[in-house]
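For reference, the structure discussed in these notes is given below.
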Amino acid sequence: MVLLKLEKVTKRFGGLVAVNEVSLEIKHGDSIGIVGPNGSGKTTLFNLISGVYMPDEGRIFLEDQDITELPAFKRAPLGIARSFQIPRPFRSATVRENVAVGAMFGAHGEKMSVDEAMSIADHYIDLVGLGDKRLELADKLTAVEKKLLELARALAMKPKLLLLDEVVAGMNPNDVDKIVSLIKKIKEEEKIAAVAMVEHVIPAVMKFAERVMVMNEGKKMVEGATMEVLKMKEVAEVYFGTSQTIGESGDARG
Amino acid sequence: MKKYIQPLLPVLTLYIVLLGAGLSIPGLWQPIAFIMFYVVLGQALNMFLGMTGYVDFGYVAFLGLGAYGMALAFSLFTDDGLGSGIIVVGFLMAVIFSILLSMAVGAIALRLRGAYFAIATIGVSEGFKYLIEGARLWGGSEGIIISSQLRDSFGSEMANYLSTFASDILIFAIGILAAILTVYTLHTRAGYALMALREDEDAAKVMGVNVTKYKVMAFGMSAVFAGLIGASAWTLKLTYVFPEDVFNIIYTVEAIVIVMLGGAGTLAGPVVGGLIYGILRYYLATVLPGFQLLVVAPLLVLIVTVFPDGVVGYIKRKLKGSRFSKYVI
Amino acid sequence: MVFFEQLAGNLLYGIILGAVYGLATMGLSQIFGVLKIVNVGHGAFIMVGAYVAYWMFVLYSVNPILSIPVALVIGLALGLGIFYIVIRRLIGAPELASLLATFGIGIFIEEVAKFFWGPDHRGFSWNIGQVDFGITLIPNTKLLAFFSSVIIALILYMLFQRTRIGAAIRAVVEDREGAMVCGIDVSRIYAMSFGIGIAMTVIGGILLTLFIPVGINPYMGGEYTLKAFVIAVLGGLGSPWGAFIGGFIFGLLENGSYTILGLIPGVEPFSLTRFVAFSALLVILLVKPTGLMGGE
Ligand SMILES: Nc1ncnc2c1ncn2[C@@H]1O[C@H](COP(=O)(O)OP(=O)(O)OP(=O)(O)O)[C@@H](O)[C@H]1O
Ligand SMILES: [Mg+2]
């Protein structure tokens, strides 16, 4: 069953076409990776799905409902949650309050009380391993901790579709492994229907994604099974300009 | 319950001390009433500026409209034999006027982001002043004087009591109401929504916060309190309303300084800010009569550039995690 | 028929005044475009210009057109001073901080003016004849103001398009990080832009005195802050050239509506035009916040 469907979605900034007629289907159960060089439009695509920007052309459906015109705050309750590539915590609030906002206004429903939201928040804070930072101001976290906070906030929203924009970037390989396993585990346990992950860290993509979409200059270049796509010469070329394949290298940004 | 009472304690204690001092020490009532006006004004603006991080440069319009609401009640209904009920009608009109304007401005302007909103509000109070003068509404530039109606309704002794004492007591009452409402809001979903949108509007939206709704709510609440202040601190206290006075931008500036000085978005901030500012202003009025802004304006610049958290914001950060933190929000 | 003649006359006047409005707004847009800071105290700098014109005329018998270089120097000094003392600290700070700081700066300048020169309205009259356009008489001083505005705007245009500084400023507007990488000293560009923006505003204030014979006072700026916002938004906030065009549109609207509102019995058309200006601002912001001239 199709969870999210993009139909020829286009977004322009002035003369620049950041996302160019991208079509994509994400099905229930999917774990999809989205890769592509810097500036290829990955984050913009997430911004279009989560409602930060409205597309200039094309349509977006969530389970048959046309959400193209729906403002961001109405998409969250339908089950779309995302993390920001550059973390955007509520800086003067504690870690706990940050995550609680996700629980309060996400897909749990309007009735969620503040106290309930706090206990939901605690659950996810523990899950991502920020338990001892619970009452710390978000401002005071390290860069990696802020990434984890982004993840916890998105999880607390009880999403059907979870969009993760470079959550493991900047982490050491050990942590990358841990976080990817964690995301896989949470996806099963919390019954998140689908997770889409934008990542330059190729091992993370290989470990996590069954399917990969490659973007280049706003366009969708290829889409297919992870290992097959990553072995393609064309894909390597957009990354390095050489024909060394990505699968052999590690971090796609080199 | 405890989580509401604890942070209210310091604020209410201060109110009681001020009230007690004013009532028992001769000659202190007027200065304390003067300071209380600033404390409550700060609380009112804090509900919007502090909670949302949006600035309304036309805030004084709500004070002005509240003042007009009360004045109109007297000039329209004095002969209807409402007795002291006329004051209730006056407050009601003040509230309705403020709500109407806040909805009109809010529904349009609050869809706009920070700077654009601020730009839109620059015109609101000016626009309103010019509408009243230009269309000769409500007495045009001559304003409304209600001293004779006050005497007709209440007799001269009672009228005098109203403007020299009761109106000040009303300001205290409005302040207490504002404090309770602020604490309550901070602990509800709305409080968290406002925190989120103040910190990062895009992130808040993506997390499901209907930012326009909460901004309009905070704006309306803040406007109503400004209206109540205008009705009592101007119309009842001074017994006249002139557009030049009640739409004077100085009150907007002062309210902003109080909120920023004390700490935007906190409960105790505007109270502390109002107290400091009120005392400062009281002395400035004697040292530099007519030139308070000469001191206040650079003070504002100084606060926002080097001390943006304000006094209470600073203390709050220091107390984070200690057992006193529950008392300072 | 008298009405239409009056309207035509007022519209012509609107175009002439509009050029000055445009010039007086370019600084606001320039500062917003480069620094992303809205100068809420804009009107105060117009007031400074007006006093420069006044004192130069009264004390040294120098006419406002010849005072323009003086305004340029004062404006640059004022702008750079304010930039290095305050604005520098606000780059990248929350919007609230820069809004409140520029608001405070504007009020401070007004209060200083009041402290030294008193609250009274002042004015001077510089009379060098007039031109009969058939529908209306326009004094030569106003025509001079018109041509000066157009010429200064053109000079600025050249400055931006043809010089290295101009290119650097454009690069910073386009892409701050990119400009930094290319070795452009971004903070110097900010300082220059702020200084030039304030200087343009002060010059605009000089030329405006030719339209308000007795309107010079410490608080005169508030009205122009409001007008400048309408104009800047009309032209797409952030684009000085848009603002210059916006000035013409505003001049036409203001003077046209004045004529029409004057037909309504029992109102003060002068106050009402200001109300109209404000309403126009709200409507434009709502319909197309990026301005009529602005892109997306
Ligand atoms: N708000 C915006 N205004 C103008 N241009 C933008 C905006 N957002 C993105 N762009 C441009 O759109 C293009 C795509 O950007 P995007 O952030 O989507 O890339 P990305 O694939 O996420 O890159 P990265 O791997 O570096 O995160 C870039 O050229 C970027 O400069
Ligand atoms: Mg990205």
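Given 0.36 nm per residue, what is the gain on full extension from A:Val2 to A:Lys231 after removing their alpha carbon distance, in nm?
Details: separation 229, 0.36 × 229 = 82.44 nm, distance 2.71 nm.
Length difference between fully extended and current span is 79.7 nm.
Using label points projected 7 Å from each Cα along Cα→Cβ, tell me how many nm separate A:Arg134 and C:Ile212, to one decimal.
For the pair A:Arg134/C:Ile212, the computed spacing is 6.1 nm.
Filter the cross-link list A:Lys146/A:Lys231; A:Lys11/A:Lys146; A:Lys8/C:Lys36; A:Lys146/A:Lys207 down to pairs whose alpha-carbon distance in this structure exceeds 31 Å.
Working: A:Lys146/A:Lys231 33 Å; A:Lys11/A:Lys146 29 Å; A:Lys8/C:Lys36 34 Å; A:Lys146/A:Lys207 23 Å.
A:Lys146/A:Lys231; A:Lys8/C:Lys36, as the Cα separations exceed 31 Å there.
Carbon-plus-sulfur fraction of the accessible area of the range B:2-327, 1.4 Å probe, in percent? Spell out each step's value before the answer.
Numbers: 7780 of 11640 Å².
Result for the range B:2-327: 67 percent of the exposed heavy-atom area is carbon or sulfur.
At R0 = 45 Å, how high is the FRET efficiency between B:Ile169 and B:Thr212 if r is their beta carbon distance? Nearest 0.05 is fine. Write out the running numbers ahead of the final one.
Values: r = 37 Å, r/R0 = 0.82.
In this case the efficiency is close to 0.75.
Rounded to a whole number, what % of the accessible area of chain C do carbon and sulfur atoms account for, probe 1.4 Å?
Numbers: 8440 of 12270 Å².
Carbon and sulfur: 69 percent of the exposed surface of chain C.
Can you list the HN-Hα couplings for the range B:91-99, worked out from phi with the Karplus curve (6.51, -1.76, 1.60; θ = phi - 60°), rounded to whole Hz and with x for Gly and Pro?
5, 4, 5, 4, 5, 4, 4, 5, 5
Based on the mean of other beta carbon atoms within 10 Å per residue, what is the order of A:141-150, A:3-12, C:132-141, A:90-99, most packed first?
Packing proxy ranking, top to bottom: A:90-99, A:141-150, A:3-12, C:132-141.
Name the residues of the range C:72-121 whose accessible area, probed at 1.4 Å, falls by at least 50 Å² once all protein chains are in place instead of their chain on its own?
Residues losing area: C:Leu96, C:Leu99, C:Leu100, C:Phe103, C:Ile107, C:Phe108, C:Glu111, C:Phe115.
In deg cm²/dmol, rounded to 500, what helix-only [θ] at 222 nm does chain B give when every DSSP H run of at least 4 residues adds -39500 (n - 2.57) and the total is split over its residues?
On the way: 15 runs with 237 residues, N = 329.
Helix-only estimate at 222 nm: -24000 deg cm²/dmol.
Please determine, in degrees from 0 to 90 and to the nearest 10, the orientation of helix A:143-156 with respect to the longest principal axis defined by the Cα atoms of chain A, where the helix direction is its Cα long axis.
Once rounded, the angle reads 80 degrees.
Using the eigenvalues of the Cα gyration tensor, what equivalent ellipsoid semi-axes result for the range A:81-158 when each is taken as the square root of five times the eigenvalue, whole Å, largest first? Display every interim value, and only then the final one.
Details: eigenvalues 68, 32, 22 Å².
Taking √(5λ) for each Cα gyration eigenvalue gives 18, 13, 10 Å.
With axes computed from alpha carbons, what is the tilt in degrees of helix B:249-262 against the longest principal axis of chain B, rounded to the nearest 10 within 0 to 90?
Tilt relative to chain B: about 40 degrees.
With a Förster radius of 35 Å, plug the Cβ-Cβ distance of A:Leu70 and A:Arg91 into 1/(1 + (r/R0)^6) and report the FRET value to the nearest 0.05.
Working: r = 28 Å, r/R0 = 0.80.
So the FRET efficiency works out to roughly 0.80.
What nm distance separates the two modelled labels at A:Lys207 and B:Leu181, each placed 7 Å from Cα along Cα→Cβ?
5.3
For the pair B and A, how large is the buried accessible area, both sides, in square angstrom to the nearest 100, if the probe is 1.4 Å? Display every interim value, and only then the final one.
Numbers: alone 14970 and 11620 Å², together 24240 Å².
About 2400 Å² of accessible surface is lost on pairing.
Note the full-extension length gain between C:Asn127 and C:Ala93 as 0.36 nm times their separation in residues minus their Cα-Cα distance, in nm to one decimal.
On the way: separation 34, 0.36 × 34 = 12.24 nm, distance 4.83 nm.
Once the chain is fully extended between C:Asn127 and C:Ala93, it gains 7.4 nm.
Between B:Tyr4 and A:Phe13, what is the spin-label point distance in nm, taking each point 7 Å from the Cα along the Cα→C-beta axis?
Placing both labels 7 Å beyond Cα along the Cβ direction yields 4.6 nm.
Going 7 Å from the Cα of A:Ser113 in the Cα-to-Cβ direction, what parts of the range B:181-218 have a backbone nitrogen less than 15 Å from that spot?
B:187-190
If you take every residue apart from B:Val311 with its C-beta less than 12 Å away from the C-beta of B:Val311, what net charge results, scoring Lys and Arg +1 and Asp and Glu -1?
Numbers: positive: B:Lys316, B:Arg317, B:Lys318; negative: B:Asp309.
Net charge around B:Val311: +2.
How big is the shadow of the Cα convex hull of the range B:210-319, averaged over all directions, in nm²?
8.7
Kindly rank C:114-124, B:85-95, C:63-73, C:241-251 from highest to lowest mean number of other beta carbons found within 10 Å of each residue. Working shown, then result.
On the way: C:114-124: 13.8, B:85-95: 20.1, C:63-73: 18.0, C:241-251: 25.3.
Top of the packing list down: C:241-251, B:85-95, C:63-73, C:114-124.
Any idea what the alpha-carbon Rg over 2.2 N^0.38 Å comes to for chain B? It would help to have the intermediate numbers written out before the result.
Numbers: Rg = 19.5 Å, N = 329, 2.2 N^0.38 = 19.9 Å.
For chain B, the normalised Cα radius of gyration is 0.98.
Does anything in the range C:79-96 have its amide N under 18 Å from the 7 Å Cα→Cβ label point of C:Trp117, and if so which residues?
Only C:79 fall inside the zone, counting backbone N under 18 Å.
What is the set of long-range amide H partners of A:Lys219 at a cut-off below 5 Å, with H atoms built 1.01 Å from backbone N?
Placed amide hydrogens put A:Asn20 under 5 Å from A:Lys219.
Sum up the charges of everything whose Cβ sits under 15 Å from the Cβ of C:Gly9, counting Lys and Arg as +1 and Asp and Glu as -1, but leave C:Gly9 out. Can you show the working numbers first?
Working: positive: C:Lys142; negative: C:Glu5, C:Asp132, C:Glu254.
Local charge sum for C:Gly9: -2.
Ignore the peptide's own chain and count Cβ atoms of other chains within 10 Å of each Cβ in C:225-232; give me the average, rounded. It would help to have the intermediate numbers written out before the result.
On the way: counts 5, 6, 1, 2, 6, 3, 0, 1.
Per-residue shielding by partner chains comes out at 3.
Using a/c under 1.5 as the rounded threshold, could you call the protein assembly as shown rounded, prolate or oblate? The axes a ≥ b ≥ c are square roots of the C-alpha gyration tensor eigenvalues, and prolate needs a/b larger than b/c, oblate otherwise.
Values: a/c = 2.07, a/b = 1.30, b/c = 1.59.
It is oblate, given that a/c is not under 1.5 and a/b is not larger than b/c.
Shielding by partners for B:46-57, please: the mean number of other protein chain Cβ atoms within 10 Å of each residue's Cβ. Walk me through the numbers before you get to the answer.
Values: counts 0, 0, 0, 2, 0, 0, 1, 3, 3, 6, 0, 5.
Mean partner-chain Cβ count within 10 Å for B:46-57: 2.
What accessible area per residue, rounded to a whole number of Å², is obtained for the range B:2-327 using a probe radius of 1.4 Å? Kindly include the intermediate steps, with their values, before the conclusion.
Numbers: 11640 Å² over 326 residues.
In whole numbers, the range B:2-327 has 36 Å² accessible per residue.
Working out 0.36 nm times the residue gap between A:Asn174 and A:Glu188, then minus their Cα-Cα distance, what length gain in nm do you get to one decimal?
Details: separation 14, 0.36 × 14 = 5.04 nm, distance 2.17 nm.
Gain on extension, A:Asn174 to A:Glu188, equals 2.9 nm.
Using a 1.4 Å probe on the heavy atoms of the protein chains only, list every residue of the range C:259-280 that has 40 Å² or more less accessible area in the complete assembly than in its chain alone.
The answer is C:Glu268, C:Ser271, C:Arg274, C:Phe275, C:Phe278 - residues whose exposure falls by at least 40 Å² when every protein chain is included.
Roughly how big is the B-C contact, given as buried accessible area in Å² (both sides, 1.4 Å probe, nearest 100)?
Working: alone 14970 and 14100 Å², together 25440 Å².
Using a 1.4 Å probe on protein heavy atoms, the buried area is about 3600 Å².
Take the Cα atoms of the range C:170-246, find their three principal axes, and give me the spread along each one in whole Å, biggest first.
So the three principal-axis extents are 51, 23, 17 Å.
Per residue, how much accessible area does chain C have with a 1.4 Å probe, in Å²? Spell out each step's value before the answer.
On the way: 12270 Å² over 296 residues.
That works out to 41 Å² for each residue.
With only Lys, Arg, Asp and Glu charged, each at its Cβ (+1 for the first two, -1 for the last two), find how big the charge dipole of the protein assembly as shown is about the Cα centre; round to the nearest 20 debye. Could the numbers behind the result be given before it?
Values: 68 positive and 68 negative charges, 281 e Å.
Its charge dipole is roughly 1340 debye.
Once the dipole of chain B is set up with Lys and Arg at +1 and Asp and Glu at -1 on Cβ about the Cα centre, which of B:Gly220, B:Phe74, B:Gly230 lies farthest towards its positive end?
Final value for the positive-end residue is B:Gly220.
Could you state the accessible area per residue of chain A in Å², with a 1.4 Å probe and every protein chain left in place? Write out the running numbers ahead of the final one.
Working: 10460 Å² over 254 residues.
For chain A, the per-residue accessible area is 41 Å².
If you line up the long axis of helix A:95-105 against the longest principal axis of chain A, both from Cα atoms, how many degrees apart are they, to the nearest 10?
80
Please give the average number of partner chain Cβ atoms lying within 10 Å of the Cβ of each residue in A:98-106, rounded to a whole number. Can you show the working numbers first?
Values: counts 6, 0, 3, 12, 5, 3, 8, 11, 3.
Mean partner-chain Cβ count within 10 Å for A:98-106: 6.
The range C:165-197 to the range B:63-124: how many Å between their Cα centroids?
Answer, in whole Å: 45.
Could you order peptides B:235-245, B:56-66 by the average number of other Cβ atoms within 10 Å of their residues, highest first?
Working: B:235-245: 20.3, B:56-66: 29.5.
Ranked by mean Cβ neighbours within 10 Å, highest first: B:56-66, B:235-245.
At a Förster radius of 41 Å, what calculated FRET efficiency corresponds to the Cβ-Cβ distance of B:Ile108 and A:Phe61, to the nearest 0.05?
Details: r = 32 Å, r/R0 = 0.78.
Efficiency at R0 = 41 Å is approximately 0.80.
Please compare each pair in A:Lys5/A:Lys184; A:Lys140/A:Lys178; A:Lys187/B:Lys320 to a cut-off of 26 Å on the Cα-Cα distance and tell me which ones are over it. Let's see the in-between values first.
Details: A:Lys5/A:Lys184 22 Å; A:Lys140/A:Lys178 23 Å; A:Lys187/B:Lys320 35 Å.
Correct reply: A:Lys187/B:Lys320.
The values are calculated or read from the model by the stated rules, or taken from the named source; none is laboratory data. Please read these numbers as outputs of a predicted model, since none were measured by experiment. Every residue, glycine as well, gets a Cβ built from its backbone with ideal geometry; the counts of neighbours run over all protein chains shown. The area values use the complete protein model at the heavy-atom level, side chains included, leaving out ligands, DNA and RNA. Shrake-Rupley method; radii C 1.70, N 1.55, O 1.52, S 1.80 Å.
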